[in-house]
Amino acid sequence: MARMKFLCDAERCIECNGCVTACKNANEVPWGVNRRRVVTINDGEPNEISLSVACMHCTDAPCMAVCPVDCFYQTEDGIVLHNKDTCIGCGYCLYACPFGAPQFPQDGAFGQRGKMDKCTFCAGGPEEDHSEAERAKYGANRIAEGKLPLCAEMCSTKALLAGDADDVSDIYRERVIYRGSNSGAWGQNLAYNPAGRKSN
Amino acid sequence: MVYLLKRAWSESPLNAVLVPMLLLVLLVTLAPLVQAADPVADPAVKGNGYQGAEYWRDVTRGVAGYSATPGNEAGVLINRSGDEWRLVRNQQVKPYGAWLLGGTLLVLVLVFMLLGRNKIKEGRSGRTLKRWDLVDRVLHWSVAGLFVLLALTGLSILYGRHFLLDALGGGFGGFMQFSKLVHNYLGPLFVICLALMLLKWLGRNIFNAVDLRWFARLGGLFGGHPSAGYMNGGEKMWYWVLFFGGVAICATGLVMDFPNFGQLRDTMQDANLIHAGVSLVLICGALAHAYMGSLGTEGVFEGMVSGEVDENWAKQHHNLWYDEAKGHKPPQ
């Protein structure tokens, strides 16, 4: 049985935001909702590192634990999905999520939150696969087509990896082995930080 | 051809002299440049030596970066306080709140079984005194009605998934959607009604020496009836619990009700915990208040319905107010 995971290789991410765009296009998310975002630490300075982040599909997910209506469920592949028909838009999943993944379109008066929207690992929702309702509420269901999330598929540097945990870690492990030259050098550190280069 | 030229060059005696000379020139000219660019020599260069482990430590500490994606805290990779909030809510507020509610109900049942109804000792006189104006009663019942609705919907949001999900089945989603709307829209109305009620009754609820004696005798729980004015010590205490608790739940409720003012997750997490904790205490207080104001004491409920109370009830429970209302001089 597969265990689906995302992994963003910080040594490769170039903050092109292609994943964000691919996601928006594949899932046709509403305005103001970004299921994926790229965060750059030390922007414009030495040691600038970027990471693409979305729902990480946690095991024992905090959002599931705090949801007042218990609208989350985890698929056999470890993908955390939710039922928008039950969701009341209380925002608790956002308070609990370690990654800031849940998004809320503004709906109605006084900034009231609409139903939560988040990354589905391109696996749709509880509706019938590829139905109109699923498309409208959750966006793409590429998993049902045997495909992986579009963000990772379209990543220009293949920094963002998605798929079964074993495959993802195999790819990453291989990369680390080839990348490490003198005493296991790190890509960003080696490239942008002479001090780091010396200490290695 | 190229190969031959290369070979000729590499075998030329000139090569042995030229290449080291060129290298020397390069080194001499570039050395100062290299020195200046070396961050080790210039500690002012920001980010110097900021390496892998250190970087990840900062990220898990919640250090914010830049994100092209708009939105509150989009640059924060790790939400540090989320875990803490979840643990306090799920492992403290929820179980302790349930014990508190259950304990309060149990105590009230025990009190009723052991002490029974607090009757009007001299029986009804048939004459009544005006105790509550129409405004008082309207305020009381608006606050009470809204409180009950907010408590029921709030408890559903806190505990509903554990029992309502099975009880309501397919109707659960709709009920919870309704609960959230009721809670969010009636909340601000409750704030207004509660504020008006607290303001109107502020003057009557200042503690005085009479209340001290009332508390010293535990409000006459074990026989006798300590003197009391319009409000007794216990009622004043409930007023102040409602005052401070009310301010707390109203303020925190509004913080969560209007997420469009840019408040961040930390603020809303704290607001949520205070809101839930204080509300649970107030619900327990309200249960006790409702018991004492209806089943627990004879002759008190009608006061808040018709505004009139029996004179003998007034004499028994609020003797100082009774004397005042009847124009008697307080006993010296």
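Throughout, read-outs are computed from the coordinates displayed, never taken from laboratory work. Quick caveat: nothing in here was measured; it's all calculated off a predicted structure. No Cβ is skipped: glycine too gets one built from the backbone with ideal geometry, and neighbour counts run over all protein chains shown.
Dividing the mean sequence gap of close Cα pairs (under 8 Å, 6+ apart) by how many residues chain A holds gives a relative contact order of 27 percent. Between B:Q92 and B:Y159, full extension at 0.36 nm per residue minus the direct alpha carbon distance yields a gain of 22.8 nm. Computed from Cα positions, the angle between helix A:165-179 and the longest principal axis of chain A comes to roughly 20 degrees. Which Cα, out of B:G299, B:L115, B:V135, lies furthest along the positive dipole direction of region B:80-325 (beta carbon charges, K/R +1, D/E -1)? Of the listed residues, the answer is B:L115.
If you take the square roots of the eigenvalues of the alpha-carbon gyration tensor of the protein assembly as shown and sort them as a ≥ b ≥ c, do you get rounded (a/c under 1.5), prolate (a/b over b/c) or oblate? Here the protein assembly as shown falls in the prolate category. Within 10 Å of the Cβ of each residue in B:144-152, the mean number of Cβ atoms contributed by other protein chains is 0. Between B:I192 and B:L264, the simple spin-label model (points 7 angstrom out along Cα→Cβ) gives 3.4 nm. For q = 0.08, 0.10, 0.15 Å⁻¹, what log10 I(q)/I(0) does region A:4-199 give under the Debye formula with an equal point scatterer on each alpha carbon and no solvent? Evaluating at q = 0.08, 0.10, 0.15 Å⁻¹ gives log10 I(q)/I(0) of -0.30, -0.46, -0.93.
Assigning unit charges at the beta carbon (Lys, Arg +1; Asp, Glu -1) and nothing else, what dipole magnitude in debye, to the nearest 20, does region A:4-199 show about its Cα centre?
Details: 20 positive and 26 negative charges, 143 e Å.
So the dipole magnitude of region A:4-199 works out to roughly 680 debye.
Can you grab the distance from the C-alpha centre of region B:270-294 to the C-alpha centre of region B:144-168, Å, no decimals? Going from one Cα centre to the other spans 14 Å.
The modelled label-to-label distance between A:T75 and B:L100, using points 7 Å beyond Cα along the C-beta direction, is 4.2 nm.
Over region B:80-325, Cα pairs under 8 Å with separation of 6+ residues give a relative contact order of 37 percent.
Shielding by partners for peptide A:40-50, expressed as the average number of C-beta atoms from other protein chains within 10 Å of each residue's C-beta, is 6. Ordering A:N83, B:N79, A:Y73 by Cα displacement along the dipole of the protein assembly as shown toward the positive end leaves B:N79 in first place; charges were set at the Cβ atoms of Lys, Arg (+1) and Asp, Glu (-1). Distance between the 7 Å Cα→Cβ label points at B:V63 and A:D107: 3.8 nm. In this Cβ point-charge picture (+1 for Lys and Arg, -1 for Asp and Glu), the protein assembly as shown has a dipole of about 1260 debye about its Cα centre.
How do B:125-136, A:123-134 rank on mean C-beta neighbours within 10 Å, highest first?
In decreasing order of mean packing, B:125-136, A:123-134 become A:123-134, B:125-136.
When the square roots of the Cα gyration tensor eigenvalues are ordered a ≥ b ≥ c, the ratio a/c for region B:80-325 is 1.5 or more and a/b exceeds b/c, which makes its shape prolate.
Between the Cα long axis of helix A:18-27 and the first principal axis of chain A there is an angle of about 20°, rounded to the nearest 10.
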